[in-house]
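> Handing you this structure, nothing more for now.
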Amino acid sequence: MTDVAAPELTPRAQQTRAAIIGAALALFRERGYDATTMREIASRAGVSTGNAYYYFSSKEELIQEFYAISHAEHLAASREALADQSDLGIRLRDTLRALIGVLAPYHEFAATFYKHAAEPSSPLSPFSKESSPARAASISLYREVVNGSSARMNREVRERLPELLWLQEMGVILYWVHDTSPGCARTYHLIDVTAPVTARLIAATRVPMLRSTVSDITGLIDDLRS
């Protein structure tokens, strides 16, 4: 966890910061987001409450660290899975499977936490301004998924596809949050079924009669961004 600490911090400060993050994530898993207080996080980390607030002004900031740590783990797991694979459907499948594997220890916590993340005005929302670094990093991963594949597509689709795949990831996470099957088997099945379908739909965008539809979709995405 020390890898996520700001580089200008001293080694001791990095250690303290990492201890606070580790304590927060452990308590979130054990007690849930709502039931955990900054005082309890500080106590678990072995620091004063004031010291905890020095590094993180709120639990919301700690959740942003959770996003960053999860993404770093997801990136590493995905790159390992994608190293020798060029098929877009398989690359997408393995990337989404890697994500669920990374998030697995937080499944119970996610069931209580994502009610906050689902609120449009919440800083915990993946669509919020506060979450923009994590969102941009995830979209960048999907850009790697697309650009490292052998799939052929027009320029408009290629430019916007990483963001669309990130939105697909959001849908998978929402399904996973409510998945009570053993080992979240239904989520893995959902990924295995939808990833190749997504790849086939992307391939279909090269059909001439669909070009106007593709332009309409990309225009809609641009409107939503503005």
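> Please work out how much accessible surface ASP87 shows to a 1.4 Å probe, ignoring ligands, DNA and RNA, in Å² rounded to 10.
70
> If the chain between GLU60 and GLU119 were fully stretched, how many nm would it gain, using 0.36 nm times the residue separation less the Cα-Cα distance?
Difference between extended and current length: 19.9 nm.
> Report the residue, chosen from VAL197, VAL157, VAL207, that carries the largest GNM mean-square fluctuation when the chain is represented by alpha-carbon nodes joined by springs under 10 Å.
VAL207
> Let me ask another. Given R₀ = 45 Å, what would the calculated FRET efficiency be for SER181 paired with SER132, taking r from the Cβ atoms and rounding to 0.05?
0.85
> Let me make sure I get this right: for the range 1-117, a, b and c are the square roots of the gyration tensor eigenvalues over alpha carbons, sorted descending. Under 1.5 in a/c it's rounded, otherwise prolate if a/b > b/c, else oblate. Which is it?
oblate
> Which distance in nm do the two modelled labels at GLN15 and ILE90 give, with both placed 7 Å along the Cα-to-Cβ direction?
4.6
> Answer rounded, prolate or oblate for the chain, using the Cα gyration tensor with square roots of eigenvalues a ≥ b ≥ c: rounded when a/c is under 1.5, else prolate when a/b is larger than b/c, else oblate.
Prolate, because a/c is 1.5 or more and a/b exceeds b/c.
> Here is a follow-up. Shape of the range 84-159 from its Cα gyration tensor (a ≥ b ≥ c, root eigenvalues): rounded if a/c is under 1.5, otherwise prolate when a/b > b/c, or oblate?
It comes out oblate by the Cα gyration axes.
> By how many degrees, 0 to 90 and rounded to 10, does the Cα axis of helix 59-82 deviate from the longest principal axis of the chain?
Between helix and principal axis, roughly 50 degrees.
> Per residue, what accessible area does the chain have, given a 1.4 Å probe and all protein chains present, in Å²?
Per residue, the chain has 53 Å² of solvent-accessible surface.
> Suppose only helical runs count, i.e. DSSP H with n ≥ 4. What mean residue ellipticity at 222 nm does that imply for the chain under -39500 (n - 2.57) per run, divided by all residues and rounded to the nearest 500 deg cm²/dmol?
Mean residue ellipticity, 222 nm, calculated: -23500 deg cm²/dmol.
The values are calculated or read from the model by the stated rules, or taken from the named source; none is laboratory data. Note that the structure is predicted; figures quoted are calculated from it, not measured. Neighbour counts are summed over all protein chains in view; Cβ atoms, including those assigned to glycine, are modelled from backbone coordinates with ideal geometry. Please note that ligands, DNA and RNA were not included when accessible areas were found on the heavy atoms of the full protein model with its side chains. Shrake-Rupley method; radii C 1.70, N 1.55, O 1.52, S 1.80 Å.
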